[in-house]
Structure formats: C-alpha cells, structure tokens
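Colleague: The following block contains the structure, expressed as structure tokens.
The values are calculated or read from the model by the stated rules, or taken from the named source; none is laboratory data. Note that the structure is predicted; figures quoted are calculated from it, not measured. Cβ placement follows ideal geometry from the backbone for every residue including glycine, while neighbour counts extend to all protein chains displayed. With ligands, DNA and RNA removed, areas are computed over all heavy atoms of the protein, side chains included. Shrake-Rupley method; radii C 1.70, N 1.55, O 1.52, S 1.80 Å.
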Amino acid sequence: MRTIAVLNQKGGVGKTTTVVNIAAALAAAGSRVVVIDFDPQAHLTIHLGLEPQIVQFGSYQVLTQSAEFEKQILLMRPNLWLLPANINLVGAESELVSVVGRETILREALQSSQDKFDYCLIDCAPSLGLLSLNALAAADDVLIPLQPHFLALRGFGKLLQTIELVNKRINPNLKVKWILLCIFDGRASLPNEVRADVEQFLDKARRTNCPWAQAQILPVHIRRNIKLAEAPSYGKTIFEYEQNCHGAEDYRKAAELIHAQFQPSTPPDAQPVTISEIQDQPAGDDENQEQLSTISTPSPQPASQVPPQPSTQPVGVDENQTQPPIEIKSIPQSDSETQSSELTQTKTDQPDTN
Ligand SMILES: Nc1ncnc2c1ncn2[C@@H]1O[C@H](COP(=O)(O)OP(=O)(O)OP(=O)(O)O)[C@@H](O)[C@H]1O
Ligand SMILES: [Mg+2]
C-alpha cells in the first residue's frame with residue numbers, strides 16, 4: 001500500500017477535492033483505494049455522500065485505539081473505502097496529549113492493512129497539529145495542493161519544516177513527492193509566477209537529502225471549475241457529477257501521472273497508464289452559480305461496512321524503479337522560512353483560512 005498524505009495547513013486550497021477525485025479515478029481504474037478523513041470538518045466524508053452526524057465510528061475511534069482500522073471503514077464505491085470522520089475528532093488532540101507515542105498511532109493502525117489496498121490517501125486538516133503529524137508519520141509520500149495566489153507560499157516553509165522534522169525523528173521514508181496547483185486561473189499572470197517561484201525553490205533542494213529533494217510540480221494543474229465546487233453538495237465525485245468537465249479531465253490526468261510513478265520499470269518515454277473512463281452518471285446542472293445556494297445537503301449513500309479482501313495483486317511499488325516524468329525548468333533561490341524549531345511548536349499552529 002502506498003500511503004499519501006494530502007497536506008497543506010492553508011485552508012481551502014483543494015486538499016479534500018484532490019483526495020476525493022484522485023481516489024475515485026484510481027479506484028475506477030482498478031486500484032483498491034482507502035481514503036482517510038483526518039479533518040474534524042469531515043468534508044471528505046460529506047463529499048463522498050455520508051452525513052457525519054450519523055457516523056458513529058471512524059478516524060476518532062482509530063486514533064483513540066478503541067477500534068481497529070479495518071472494522072471502521074466503509075465501502076463507498078467499487079474499490080473505494082472510507083475511514084470517515086465526525087466532530088468527535090476535534091477532541092482527539094487534547095485527549096491524546098498524555099499518550100506516549102501519540103504521533104504514530106495511525107501508522108500502527110495501518111500496519112496490518114498494508115497488503116489489502118494499493119493506495120491510502122489521507123485528507124489532512126488545515127493545521128499542523130497532532131492529526132497532521134499522525135498522517136505524516138504514516139505516509140510514504142506527501143502531496144501538497146497549492147492554490148497559486150499571492151499568499152500561496154506564505155507558510156510553505158513552515159509546512160516543509162514540519163515535514164523535515166517528522167522525516168528526521170519519526171518517519172525516515174517520508175518524501176514530498178508532488179505539488180499540485182489547484183483552483184488554477186490560467187488567465188491571470190500570478191499563477192505562473194507562483195509556479196516559477198516553487199520550481200526555483202525545489203530546484204535548490206535537488207542535490208540535498210531533504211525530504212522534498214525529488215518533489216515535482218505535477219505537470220497538470222487543476223483549473224478553476226464550477227463543477228468541482230458543486231459536486232460536493234451532491235455527495236458526488238466529479239466523475240459522477242460531470243465527467244466531461246475540465247475538473248474531471250484535470251483530476252483524471254493527475255491520477256494517471258501519480259499512478260504511473262508507481263508502475264515498475266516504466267520506460268522514461270512511456271505514456272502514463274491510462275485511467276479508464278468512469279461510468280456515466282447523471283450529469284449535474286449547468287454552471288449556474290445561483291444554484292449553489294439552493295443545493296440541499298447530500299443524502300447518505302448506501303454504504304456497507306465491508307472490510308476489503310486480502311490483496312492478490314498489489315500495485316508494484318518500488319522506489320528504485322519509479323521514473324520521475326517531470327522536468328523542472330528553473331534553478332533555485334533561497335528559502336528564508338526554514339528555521340529550526342521543535343515538533344511541539346508546530347502543534348500550536350492555527351489554520352490559515354482564505
Ligand atoms: N478547481 C476548483 N475549482 C473551483 N472550485 C474548487 C476547485 N477545487 C476546490 N474547489 C472548491 O473550493 C473549496 C475548497 O476546496 P477544498 O475543500 O477541497 O479545500 P481544502 O484545502 O480541503 O479546504 P480545508 O482546508 O477547509 O479542508 C470547496 O468549496 C471546493 O468545492
Ligand atoms: Mg478539506
């Protein structure tokens with residue numbers, strides 16, 4: 001199982017949208033995918049069509065070690081399982097304050113499921129507290145969604161600093177693998193400037209041992225698309241809501257690029273594995289912004305609590321065989337934000353909102 005933490009302490013940058021739609025694309029292509037809602041806002045749970053109020057179990061129970069991971073997951077779509085969240089998760093941080101080893105509870109909980117899924121995507125809360133530390137301790141890779149506006153890089157150094165501390169002290173395998181530009185408005189000049197800044201920053205790290213030394217800006221960006229904003233209200237993935245819109249096209253491509261990196265012996269020039277078209281679902285209405293305000297809350301999807309079967313054909317994951325498909329163009333500058341500090345300091349961060 002490849003565990004990917006989708007993390008940015010900035011609020012509203014596209015973390016949940018990215019987890020839902022990349023997971024849906026991977027699952028539709030045949031991978032066994034489990035997604036973890038690690039945000040007390042429970043947006044991932046809602047986006048997949050489940051009301052958090054009726055959730056009696058989930059990530060809180062796993063974190064407080066009152067239940068096993070596989071007994072808490074729900075089959076939401078073919079090949080797609082969810083560890084849901086509810087508001088109880090707010091209390092987990094303070095309840096665990098005196099628990100020794102509290103940063104690695106999720107990692108331990110996932111141990112026995114390593115062979116049962118191909119991918120685990122963790123939707124992190126917009127903070128760098130204990131929940132995010134657990135996600136980083138459990139993860140192999142970090143995907144950072146970034147909304148390229150003028151404050152995009154504020155806090156980016158702090159995020160990387162936290163990842164570096166977890167890498168040094170808890171999880172030596174942790175790597176920042178991808179930056180995904182989300183809610184991208186190609187008509188403005190700023191997004192391209194932000195992209196260039198990030199490229200420069202990443203290039204500076206290429207010959208170091210830091211966990212983002214091999215990070216790449218995914219060569220697809222997620223365009224701003226009203227359908228992506230509407231789909232959560234219906235409890236649908238973008239492929240169920242409007243499979244031919246730009247949002248579906250972009251997320252399908254992003255999932256293909258991610259999946260291709262974990263295929264053994266991919267020749268450098270090979271095309272990424274094509275993720276098959278997802279079955280038609282009734283399309284949403286037109287891009288009528290006004291309708292957003294009248295959308296009702298999603299009705300729960302029927303979800304059966306079916307633990308997955310043991311793996312018969314796991315995705316071949318071999319770090320040495322992966323083929324980074326992306327060329328980074330520019331040469332780096334400096335990052336002034338990375339300063340030494342303790343893990344405990346990161347826990348006091350408040351979420352950014354924008
Ligand atoms: N490409 C896009 N185009 C238009 N709207 C988008 C796009 N991506 C996400 N959104 C919308 O922007 C809002 C924030 O997205 P999302 O919830 O995925 O961000 P987040 O980082 O998970 O937020 P939080 O930090 O609160 O968890 C949501 O209303 C979502 O529907
Ligand atoms: Mg979210």
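Colleague: Any chance the stretch 91-102 includes a residue that's crowded, with 22+ Cβ neighbours inside 10 Å and within 20 Å of the chain's Cα centre (by Cα)?
Modeller: No, the conditions are met nowhere in the stretch 91-102.
Colleague: Considering each residue of the stretch 240-271, count those that are within 19 Å of residue 119 (Cα to Cα), modelled with pLDDT of 95 or more and either in contact with a Lys or Arg (Cβ under 9 Å, 6 or more places away or on another chain) or not aliphatic (A, V, I, L, M) (or both), and give that number.
Modeller: 6
Colleague: (1) over 18 Å from the mean Cα position of the chain (by Cα); (2) of a type outside the set (Ser, Thr, Tyr); (3) part of a loop (DSSP other than H, G, I, E, B); (4) more than 13 Å from ligand 1 (Cβ to nearest atom): which one isn't true of residue 157, the others all being true?
Modeller: (3)
Colleague: Could we say that residue 167 is touching an Asp or Glu at 6+ places or on another chain (Cβ under 7 Å) and under 30 Å from residue 106 (Cα atoms) here?
Modeller: no
Colleague: Considering only the stretch 294-314, I want to know if a residue exists there that is modelled with pLDDT of 50 or more and among the small types (Gly, Ala, Ser).
Modeller: no
Colleague: Could you check the stretch 179-195 and list, in sequence order, the residues that are modelled with pLDDT of 90 or more and open to solvent by less than 40 Å² (accessible area, probe 1.4 Å)?
Modeller: 179, 180, 181, 182, 184
Colleague: Could you list, in sequence order, the residues of the stretch 224-247 that are of a type in the set (Val, Ile, Thr) and near ligand 1 (Cβ under 8 Å from one of its atoms)?
Modeller: 226
Colleague: Looking at the stretch 15-26, which of the residues that are within 13 Å of ligand 2 (Cβ to nearest atom) and open to solvent by less than 10 Å² (accessible area, probe 1.4 Å) is nearest to residue 122 (Cα to Cα)?
Modeller: Per the stated criteria, the residue is 19.
Colleague: Can you list the helices (runs of 4 or more DSSP H) lying wholly within the stretch 74-148 that have 2 or more residues being under 20 Å from residue 173 (Cβ atoms)?
Modeller: 105-110, 130-138
Colleague: Look at residue 109 and say whether it is within 16 Å of ligand 2 (Cβ to nearest atom), within 26 Å of residue 176 (Cα to Cα) and in contact (Cβ under 8 Å) with a residue 40 or more places away in the chain.
Modeller: no
Let's see how each residue does on (1) free of Cβ contacts under 8 Å to residues at least 24 places away in the same chain; (2) over 17 Å from residue 7 (Cα atoms); (3) over 20 Å from the mean Cα position of the chain (by Cα):
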position: 105; (1), (2), (3): no, yes, no
position: 122; (1), (2), (3): no, no, no
position: 133; (1), (2), (3): no, no, no
position: 142; (1), (2), (3): no, no, no
position: 171; (1), (2), (3): no, no, no
position: 182; (1), (2), (3): no, no, no
position: 190; (1), (2), (3): no, yes, yes
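Colleague: Can I ask one more? Consider residue 133 carefully, then state whether it is buried (at least 22 other Cβ atoms within 10 Å of the Cβ) and either among the basic types (Lys, Arg) or within 16 Å of ligand 1 (Cβ to nearest atom) (or both).
Modeller: So residue 133 does not fit the description; no.
Colleague: For the stretch 27-49, how many residues are among the aliphatic types (A, V, I, L, M), within 15 Å of ligand 2 (Cβ to nearest atom) and open to solvent by 10 Å² or more (accessible area, probe 1.4 Å)?
Modeller: Summing the residues that are among the aliphatic types (A, V, I, L, M), within 15 Å of ligand 2 (Cβ to nearest atom) and open to solvent by 10 Å² or more (accessible area, probe 1.4 Å) in the stretch 27-49 gives 1.
Colleague: Moving to a separate point now. Within the stretch 1-58, which residues are under 25 Å from residue 114 (Cβ atoms), within 14 Å of ligand 1 (Cβ to nearest atom) and part of a helix (DSSP H, G or I)?
Modeller: Result: 15, 16, 18, 19, 20, 21, 22, 23, 24, 44, 45.
Colleague: Can you tell me which residue among 161, 216, 147 is open to solvent by 20 Å² or more (accessible area, probe 1.4 Å), in contact (Cβ under 8 Å) with a residue 60 or more places away in the chain and closer than 21 Å to residue 5 by Cα?
Modeller: 147
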